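Scroll down for the structure; my scribbles are underneath it.
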Amino acid sequence: RVGPERYPFFALIGVLAWSFFTNSANMSTRTMIDGAGLIKSVRFPRAILPIATVLFNLAQYLLAMAVYMPIMLAVYGRWPALPMLAFPAMLLLQIVFTAGIAMLFSVATVYFRDIRHLVEVSLSVLFWTTPVLYPLSQANEPLRSWIRLSPMSPFVVGYQRMFYDGAWPDAGTWLIAAAYAGISLAVGGAVFLALEDRLG
């Protein structure tokens, strides 16, 4: 099967969330290198550079949601549901998760330039382990458990539950999303702070 009913609506939810993450991750690998001149000439918290990249892509994501979501709801005759109020909370977790990844990638690329290419390839593989273009329920049970643990899966599944199903994300989805956000920020922030003084 290609996908569920109202497939364009379903796919749009995942694609927009995925684009926010992948654009932030890819752009973060160039922030320190492209901003080398600024880093050497002005003293400021270096974390501003990768975080600014995340915020830039966040603004684009929110604008796209503001344009496309009302259109999709109108086209498919859906009324805004109460679970959609959980969107800011899930989005906040994704922002924290993405910021941690961005800080990690930005500083790692300074020391290992090939990381940007590895990130591009890894994100391509990660896309297919995330239920962006297919519903999680379509996978068989053993595979479904692994897909749920893919880093972007809890966020995408959460958005699909809110907007497509009109239901609250389950506790497991929230727990995994919160765990990834916390781990990402802790690891990315720790690595960035440890190497920040060596950047110039």
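Quick test for you: out of T129, T98, T109, pick the one residue that is hydroxyl-bearing (S, T, Y) and farther than 25 Å from A194 by Cα. Step through it out loud before you land on a result.
Numbers: T98 fails: farther than 25 Å from A194 by Cα; T109 fails: farther than 25 Å from A194 by Cα.
Criteria check complete, one pass: T129.
Would you mind finding the one in A86, A66, A74 that is part of a helix (DSSP H, G or I) and surrounded by 12 or more Cβ atoms within 10 Å (Cβ to Cβ)?
Values: A66 fails: surrounded by 12 or more Cβ atoms within 10 Å (Cβ to Cβ); A74 fails: surrounded by 12 or more Cβ atoms within 10 Å (Cβ to Cβ).
On inspection, the qualifying residue turns out to be A86.
Hey, any hits in region 39-55 for a residue that's in a helix (DSSP H, G or I) and exposed (fewer than 12 other Cβ atoms within 10 Å of the Cβ)?
Taking region 39-55 and keeping what is in a helix (DSSP H, G or I), we get 39-41, 48-55.
Filter once more, so that each one left must be exposed (fewer than 12 other Cβ atoms within 10 Å of the Cβ): 40-41.
Yes; the residues of region 39-55 include at least one that is in a helix (DSSP H, G or I) and exposed (fewer than 12 other Cβ atoms within 10 Å of the Cβ).
Looking at (1) within 21 Å of L55 (Cα to Cα); (2) within 16 Å of the chain's Cα centre (by Cα); (3) open to solvent by 30 Å² or more (accessible area, probe 1.4 Å), which one does W128 not meet, given that it meets all the others?
That leaves (1) as the condition not met.
Of the residues that sit in region 93-112 and are part of a helix (DSSP H, G or I) and aromatic (F, W, Y), which one is surrounded by the fewest Cβ atoms within 10 Å (Cβ to Cβ)?
First, pick out the residues of region 93-112 that are part of a helix (DSSP H, G or I): 93-111.
The next check asks that each one be aromatic (F, W, Y); those that pass are 97, 105, 111.
On the way: F97: 26, F105: 27, Y111: 11.
Only one residue tops the list, namely Y111.
If you go through region 131-145 one residue at a time, do you hit one that is part of a helix (DSSP H, G or I) and either of a type in the set (F, W, Y) or in contact with a Phe, Trp or Tyr (Cβ under 7 Å, 6 or more places away or on another chain) (or both)?
Filtering region 131-145 down to residues part of a helix (DSSP H, G or I) leaves 136-138, 141-145.
Remaining after also requiring either of a type in the set (F, W, Y) or in contact with a Phe, Trp or Tyr (Cβ under 7 Å, 6 or more places away or on another chain) (or both): none.
Within region 131-145 (the criterion being part of a helix (DSSP H, G or I) and either of a type in the set (F, W, Y) or in contact with a Phe, Trp or Tyr (Cβ under 7 Å, 6 or more places away or on another chain) (or both)), the answer is no, since none of the residues qualifies.
Please work out which one of (1) under 17 Å from the mean Cα position of the chain (by Cα); (2) open to solvent by less than 60 Å² (accessible area, probe 1.4 Å); (3) aliphatic (A, V, I, L, M) is the condition I115 fails and give its number.
Exception for I115: condition (1).
Restricting the search to region 142-173, which residues are within 14 Å of V96 (Cα to Cα) and open to solvent by 10 Å² or more (accessible area, probe 1.4 Å)?
Matches in region 142-173: P151 only.
Report, by residue number, each residue of region 111-138 that is of a type in the set (G, A, S) and within 18 Å of E5 (Cβ to Cβ).
At the first step, the residues of region 111-138 found to be of a type in the set (G, A, S) are 122, 124, 137.
The answer is S137, and nothing else.
The values are calculated or read from the model by the stated rules, or taken from the named source; none is laboratory data. None of the values given here were measured: they were computed from a predicted structure. Note that we place each Cβ from the backbone using ideal geometry, even for glycine, and neighbour counts take in every protein chain shown. Just the protein is used for accessible areas: all its heavy atoms, side chains included, with ligands, DNA and RNA removed. Shrake-Rupley method; radii C 1.70, N 1.55, O 1.52, S 1.80 Å.
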